[in-house]
Amino acid sequence: MLLRSVAVAASVTAVLATAPAAAAATTRASVEYWGPGNCPQGMLCIWPNTDHPPQGPTATPSLMTDSDWSGSVTAFNYYNYTSRNVDITWSYFYDGRTFTGTDCARPGESFYYVPLSVTRVKWRTGAC
């Protein structure tokens, strides 16, 4: 049971940690996994579900912000439609344990693909 928990946590961490790093080596256009959808320019948008046709999510975001934020929203994917880097702090509950982390999202990036709770958004003045 513990081994399964560790394996899932490692998988989630690997997906969250390596996708942005791998994308950083490519051009901005190829960083996008899908378009911004209904996220307005200048905002970070977080959606609670998998509704993402090629142009991007069309469902109502669980969070849209252009400033520091804390609380708790369900997150399945996000899109950083700004010109700034942002730290997104998350938690993931699995098999009786809570895993946490913080990812830096660069402009034009979109990712996650597991149900998380986002608990904090903090804008950066520098690079990721």
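The values are calculated or read from the model by the stated rules, or taken from the named source; none is laboratory data. Given the structure is predicted, the values throughout are model-derived calculations rather than measurements. For neighbour counting, all protein chains shown are included, and Cβ atoms are generated from backbone atoms with ideal geometry for every residue, glycine included.
Structural remarks
- Here G126 passes the criteria (1) in a strand (DSSP E or B); (2) more than 24 Å from G35 (Cβ to Cβ) except the one numbered (1).
- Set side by side, the residues V114, V118 differ, and just one is at pLDDT 95 or above and under 18 Å from W47 (Cα atoms), which is V118.
- Output for the stretch 87-117, where each listed residue is of a type outside the set (S, T, N, Q), part of a strand (DSSP E or B) and under 10 Å from the mean Cα position of the chain (by Cα): D87, I88, W90, D103, C104, A105, L116
- Of the residues making up the stretch 40-55, those that are at pLDDT 75 or above, assigned to a loop (DSSP other than H, G, I, E, B) and in contact with a Ser or Thr (Cβ under 9 Å, 6 or more places away or on another chain) are Q41, G42, P48, N49.
- In this structure, R84 does not satisfy being under 23 Å from G126 (Cα atoms) and either in contact with a Cys (Cβ under 7 Å, 6 or more places away or on another chain) or without any contact (Cβ under 8 Å) to a residue 40 or more places away in the chain (or both).
- Yes/no for R120 being part of a strand (DSSP E or B) and either at positive phi or among the basic types (K, R) (or both): yes
- Considering residues of the stretch 64-81 that are over 22 Å from T125 (Cβ atoms) and part of a strand (DSSP E or B) only, the residue nearest to the chain's Cα centre (by Cα): N77
- Test: residue in the stretch 8-26 that is within 30 Å of G96 (Cβ to Cβ), out of contact with any His (no Cβ under 6 Å at 6 or more places or on another chain), surrounded by fewer than 17 Cβ atoms within 10 Å (Cβ to Cβ) and modelled with pLDDT of 80 or more: no
- Scanning the stretch 92-106 for residues that are in contact with a strand residue (DSSP E or B) (Cβ under 9 Å, 6 or more places away or on another chain) and loosely packed, with under 15 Cβ neighbours inside 10 Å returns F93, T98, T100, T102.
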